[in-house]
Protein chains: 2
Amino acid sequence: MDKPNIVTCTAPVNIAVIKYWGKRNEELILPINSSLSVTLHQEQLKTTTTVATSRSFQDDRIWLNGKEEDITHPRLQSCLREIRRLARKRRNDGGTAVDSTCLSHKVHICSVNNFPTAAGLASSAAGFACLVYSLARVFGVEGELSGIARQGSGSACRSMYGGFVQWVMGQQDDGKDSVAQQVELETHWPELRILVLVASAERKPIGSTSGMQTSVQTSCLLKHRADSVVPGRMVEMIEAVQRKDFPAFAELTMKDSNQFHATCLDTYPPIFYLNSVSHQVINLVHRYNRHYGETRVAYTFDAGPNAVIFTLQQHVPEFVQVVRHFFPPETNGGHFIKGLDVNNADLSEELKQSIGLEPTPKGISYIISTKVGPGPCVVDDLTQHLLGSDGLPKKTV
Amino acid sequence: MDKPNIVTCTAPVNIAVIKYWGKRNEELILPINSSLSVTLHQEQLKTTTTVATSRSFQDDRIWLNGKEEDITHPRLQSCLREIRRLARKRRNDGGTAVDSTCLSHKVHICSVNNFPTAAGLASSAAGFACLVYSLARVFGVEGELSGIARQGSGSACRSMYGGFVQWVMGQQDDGKDSVAQQVELETHWPELRILVLVASAERKPIGSTSGMQTSVQTSCLLKHRADSVVPGRMVEMIEAVQRKDFPAFAELTMKDSNQFHATCLDTYPPIFYLNSVSHQVINLVHRYNRHYGETRVAYTFDAGPNAVIFTLQQHVPEFVQVVRHFFPPETNGGHFIKGLDVNNADLSEELKQSIGLEPTPKGISYIISTKVGPGPCVVDDLTQHLLGSDGLPKKTV
């Protein structure tokens, strides 16, 4: 068989601080409001995707986390179709340097995450960003790609950039102006740290696609939020990020998370993503900040019970110790903290009393310690390809 | 000493189906939106208050549930002042039949509830309604009294009437037009039944007075709700009650409860009144209704975790059995159900599977089974007075 053309790329997870909830167009995935996110560092959380094309391949195929999945999924098909359309356009314009014969070839895709799906992190954003970035490389497409990633999974468009990223909702019916834009580079705010508190979830919550459909149909507060609250918050948030104003960034992040969950509760039937551990984390953060008389820590929650915490480097050791104290882990081994190293810290009795919550043993499984990171990258090391020269997943996957 | 002039009255608890949350005037207790409630039957839930006046009394005094309390509380003082003002006005207009000399007398007040405070039911509404009704009787005041009860506790104005009651928010700065009005008599909808599911609460939630202050100051969704959502819902709810349209009444009741709790979550810092048992009850009700393809049961929650359930008489036995199945009580004795008798019912396997929740043992302490009831009444039986002829609480209190 012909030697396949192979590319491997990685892409990051992002966490929204101004939330996306609700589509105005289901097929094109156009949102009812703009949103803003922080790209998490790929050393802790990333998707790796290998894409191969070959004249010898019979069909488009995809393997996710070691298991072959259905390539006919409409959102996968949207991304494949759009990338091929751009590649064809580019070839017809005479601009491509890449061997354009591969345009007629079938593609094999293999993708893995370096974090468990059970962590409840939105892996579809990193997954579709990585898919689109890899396909673009293999088919020789350049330029604006976030609009294609968006058609895979809305929030995936924000994973196409590092640092601080806004997804501008756009106005056009065809969605051409609904794209992600970098607000600041990943190097902009080096002191910012992120802790993912992985809650021991009891049951799988309702999916975000159907959840947001029901919200758009039934919540009058969601419409008000999208039309009248978010536009002002986007301006405020961009300014807070540009100024590196942690209290402003933190308070708006918490308010927007709460408002998103409020619109879920205003949905009929109501949707609950926060559980009692989430409520405890929220209370803990507010009491921690109140103890110091300043906003040192912020929480945000997506469509699940896991808290994502923002704080500054200098407060990480103490806050982690606070979490460990009020959510005593199963063992006292080092496995409670994954990712970036966290120094030990002592807690004062005053602080513990000031927080004054009843400890919840095993409420949090573990913490992923990370920071702001870069956007998708090409992996140059050929040994990292997930597909072999036969176009099939390597045995190690 | 002179024989005191004694009156004993009772007043009901009410449960709002269009919620009151937020004041536009803290002192006069004027709300930011109208609300609508159902008066619960006093056989199950009532406050009894005895008021005595005598030339011999040295001071105004009050005993609540057997314990003397501070009469100088501003809201108690508001009610006392307003009733005495009306009595004086009436005397000066020459209209009173009651011995007006008692106007200069001090008053002793003694009040008890026939339900535990731990039930988490808003006892202040029944309490202030009963206080104002009793004081009006002893001082010979008649006519509109809900505006005075409102100044004791906002929702108390709705406990001044039986059946279905709206609190019209009013427009005037002096609050004269912010009063309760009966929408329908207690005999209007005899099939309607009410079940109070008393949750085993872990801790006391934040009080409603300070909670609603913070919400008014910080929640942009609350303002939108008050200005743009509630006015339409009041019209819809009054029509649903008048038509006795259970599905319309039930759905609007659930939506409005959820929206109230959504605005609590949109408050900063957020307020949580619903706990995991409340979430379970909400899910249970929606799955029960879905199983039958019609809205047979509704929930509503005030500023605490207890669910108040509305349903029609014919569905009570089965729904109670559903609650007993998914919240198995500590013992299987008869104490799980208080109030109106509930017949036994069997549950089909299909129904249990269709609801499909994990049972939560002891999540609900007990159920109070009740119905729509009348407004405040005078107790003619003199042996029921809570104050003796010496003006002090009887030993049995």
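The values are calculated or read from the model by the stated rules, or taken from the named source; none is laboratory data. What you see is a predicted model, and the numbers here were worked out from it, not measured in a lab. So basically every Cβ, Gly included, is an ideal-geometry build from the backbone, and we count neighbours across all protein chains shown.
Please go through region B:364-391 and pick out each residue that is of a type in the set (Ser, Thr, Tyr) and closer than 24 Å to residue B:156 by Cβ.
Passing the criteria: only B:370.
Of the residues that make up region B:179-187, is at least one out of contact with any His (no Cβ under 9 Å at 6 or more places or on another chain), buried (at least 19 other Cβ atoms within 10 Å of the Cβ), at pLDDT 95 or above and under 20 Å from residue B:124 (Cα atoms)?
The answer is yes, given that some residue of region B:179-187 is out of contact with any His (no Cβ under 9 Å at 6 or more places or on another chain), buried (at least 19 other Cβ atoms within 10 Å of the Cβ), at pLDDT 95 or above and under 20 Å from residue B:124 (Cα atoms).
Against the conditions (1) closer than 30 Å to residue A:250 by Cβ; (2) of a type outside the set (A, V, I, L, M); (3) within 18 Å of the chain's Cα centre (by Cα); (4) within 14 Å of another protein chain (Cβ to nearest Cβ), where does residue B:208 fall short? Just the number, please.
Only one criterion in (1) closer than 30 Å to residue A:250 by Cβ; (2) of a type outside the set (A, V, I, L, M); (3) within 18 Å of the chain's Cα centre (by Cα); (4) within 14 Å of another protein chain (Cβ to nearest Cβ) is unmet by residue B:208, namely (4).
Among the numbered conditions (1) touching a helix residue (DSSP H, G or I) at 6+ places or on another chain (Cβ under 6 Å); (2) among the aliphatic types (A, V, I, L, M); (3) crowded, with 16+ Cβ neighbours inside 10 Å, tell me where residue B:379 comes up short.
(1)
Do any residues in region B:157-171 that are among the polar types (S, T, N, Q) and modelled with pLDDT of 95 or more have Cβ atoms under 6 Å from those of residues that are assigned to a strand (DSSP E or B) and surrounded by fewer than 24 Cβ atoms within 10 Å (Cβ to Cβ), where the two are at least six apart or on different chains, and which pairs are they?
Hits for this filter: B:166/B:181; B:166/B:183.
Give A:110, A:130 a once-over and let me know the one that is farther than 17 Å from residue A:87 by Cα and over 16 Å from the mean Cα position of the chain (by Cα).
When all the criteria are applied, what remains is A:110.
Which pairs do you get when a residue that is more than 13 Å from residue A:319 (Cβ to Cβ) and assigned by TED's automatic domain parsing to the domain that holds residue A:293, found in region A:339-357, comes within reach of a residue that is acidic (Asp, Glu) and assigned to a loop (DSSP other than H, G, I, E, B), reach meaning Cβ atoms under 9 angstrom, with the pair 6+ apart or on two chains?
Within 9 Å, the pairs are A:339/A:43; A:340/A:43.
Kindly establish whether residue A:307 is within 14 Å of chain B (Cβ to nearest Cβ), hydrophobic (A, V, I, L, M, F, W, C), closer than 29 Å to residue A:353 by Cα and crowded, with 22+ Cβ neighbours inside 10 Å.
Spelling it out, residue A:307 is indeed within 14 Å of chain B (Cβ to nearest Cβ), hydrophobic (A, V, I, L, M, F, W, C), closer than 29 Å to residue A:353 by Cα and crowded, with 22+ Cβ neighbours inside 10 Å.
Residue B:319: in contact (Cβ under 8 Å) with a residue 12 or more places away in the chain, among the aromatic types (Phe, Trp, Tyr) and either surrounded by fewer than 16 Cβ atoms within 10 Å (Cβ to Cβ) or assigned to a helix (DSSP H, G or I) (or both), yes or no?
In short, yes.
Taking the condition at the interface with chain B (Cβ under 10 Å from one of its Cβ atoms) and closer than 27 Å to residue A:152 by Cα, does residue A:287 pass?
Answer is no for this residue.
Condition check ((1) more than 14 Å from chain A (Cβ to nearest Cβ); (2) more than 24 Å from residue B:114 (Cβ to Cβ); (3) out of contact with any Leu (no Cβ under 9 Å at 6 or more places or on another chain)) across all residues:
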| position | (1), (2), (3) |
| --- | --- |
| B:320 | yes, no, no |
| B:325 | yes, yes, no |
| B:378 | yes, no, yes |
| B:390 | yes, yes, yes |
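I want to confirm something. Restricting to region B:218-276 and keeping residues that are of a type in the set (Lys, Arg) and more than 30 Å from residue B:191 (Cα to Cα), which single residue is farthest from the other protein chains (Cβ to nearest Cβ)?
The selected residue is B:223.
Kindly indicate which of B:123, B:200, B:178, B:146 is of a type in the set (Ser, Thr, Tyr) and within 13 Å of the chain's Cα centre (by Cα).
Step by step, each of B:123, B:200, B:178, B:146 is checked, and only B:123 is of a type in the set (Ser, Thr, Tyr) and within 13 Å of the chain's Cα centre (by Cα).
When region B:340-389 is examined, which residues are found to be more than 21 Å from residue B:65 (Cα to Cα) and assigned to a strand (DSSP E or B)?
Hits for region B:340-389 are B:364, B:365, B:366, B:367, B:369, B:370, B:371, B:372.
Would you list the helices (runs of 4 or more DSSP H) that sit entirely within region A:177-289 and hold 3 or more residues that are among the hydrophobic types (A, V, I, L, M, F, W, C) and either in contact with a helix residue (DSSP H, G or I) (Cβ under 8 Å, 6 or more places away or on another chain) or on the phi < 0 side of the Ramachandran plot (or both)?
Hits in region A:177-289: A:220-224, A:230-243, A:246-265.
Looking only at region B:327-359, count every residue that is touching a Pro at 6+ places or on another chain (Cβ under 9 Å), within 27 Å of residue B:192 (Cβ to Cβ) and not small (Gly, Ala, Ser) and tell me the total.
7
Any idea which of (1) under 30 Å from residue A:268 (Cβ atoms); (2) in the same structural domain as residue A:87 (by TED's automatic domain parsing); (3) in a helix (DSSP H, G or I) is the one residue A:147 doesn't satisfy?
(1)
What is the one condition in (1) closer than 25 Å to residue B:306 by Cβ; (2) crowded, with 20+ Cβ neighbours inside 10 Å; (3) modelled with pLDDT of 95 or more that residue B:199 does not satisfy?
Just one mismatch for residue B:199, condition (3).
Considering only residues that are closer than 15 Å to residue A:22 by Cβ, without any contact (Cβ under 8 Å) to a residue 12 or more places away in the chain and surrounded by fewer than 15 Cβ atoms within 10 Å (Cβ to Cβ), which ones fall in region A:202-226?
Residues satisfying the conditions are A:210, A:217.
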